[in-house]
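Below is one structure, written out as C-alpha cells; the observations come after it.
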Amino acid sequence: MKGLLSIVVAVGLTVAAAVVHGNYLHRWGAPVDLSAAGGSIDRLDESLGPWHALEDGTPLTSFVSRELGLVNHLNRWFENAETGRRLQLLLMVGQPGPLVRHPPTVCYANRAHEQVAPAKLLAIPYKDAINEFALLSYKPSRAHDTERFFVAYGHSVGGEWGAPDFPRIAYGSSPALYKVQVLANRLGDETEQVVIEDIRSFLSGFVASFAEDVAIGANQAP
C-alpha cells in the first residue's frame, strides 16, 4: 500500500509538472489572446508621484521582442521633480516562459557588467498588499571602481508584484506575465541608500498606477 501511494504521489507530481510545462510553452492548445494585456501597459500614467515622464527610450528590436515572447513593451525615462534624478523604466508583457528565462542577472552578466552584491528585496506596500522587487547592484564594464548602477525588477500576473527565487514555478501556468525593470545610476559620491530610496519612491508610484490603470485595463476589452 505504501508503495502504491508513492507511485500515485509521483504520478500526480509528474502530471502537475507537465501541465505547468505545457501552459508555460502554450503546448495545450493555441496561445491565449494577449491583446488586452498588451494594450494595457499603454495606460501607465506619465506622472508617478514626483516622477514625470521625460521621453520614450529606443524600442526593443523585433528580434529581442520575439526572444522574450513579448506582445508589447514600454521603454521610458522618468525624472524626479524634487531631486532631479533620472531613471529608466522597461515594462513588458507577454508569454511567461520566455520572460522568466531571461532574468537581469543573466542579461547584464552577458554584457560583462559585474554584480557587486547579492540581490536585495524591496518591499513596496500598496493598500493591503506588499509588492516585492529584487534589487541588483552592478559595476559597469570597463568603468571606474566607484561607478555603480542599480536594477530593480519583478513580475506580476496582474495583481501584486513579486520576485520569487523560482519564477517558472510561480508563473509558468499563467496565460500572460508582466515584467518590469527599473534602472538608476549612482551620481557622483552619493550613497547607495540615496539611490535605493529614489528607486523605492518610483516603485511606489509605479505600483499604484499599475494597479489602478494597467491591471484594470487588462481586464477590459481593447
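Key figures
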item: Sequence of SER47, SER173, SER40, SER156 once ranked by neighbouring C-beta atoms within 10 Å, starting from the fewest; result: SER47, SER173, SER156, SER40
item: Residue order, fewest to most beta carbons within 10 Å, for PHE78, PHE206; result: PHE78, PHE206
item: Gain in span if fully extended, ALA129 to GLU79, counting 0.36 nm per residue against the direct Cα distance; result: 15.4 nm
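Readers should treat all values here as calculations from the given coordinates under stated rules, not as data from a laboratory. Quick caveat, the model's predicted, so the values are computed rather than measured. Don't worry about glycine lacking a Cβ; one is built from the backbone with ideal geometry, like all the others, and counts go over all protein chains shown.
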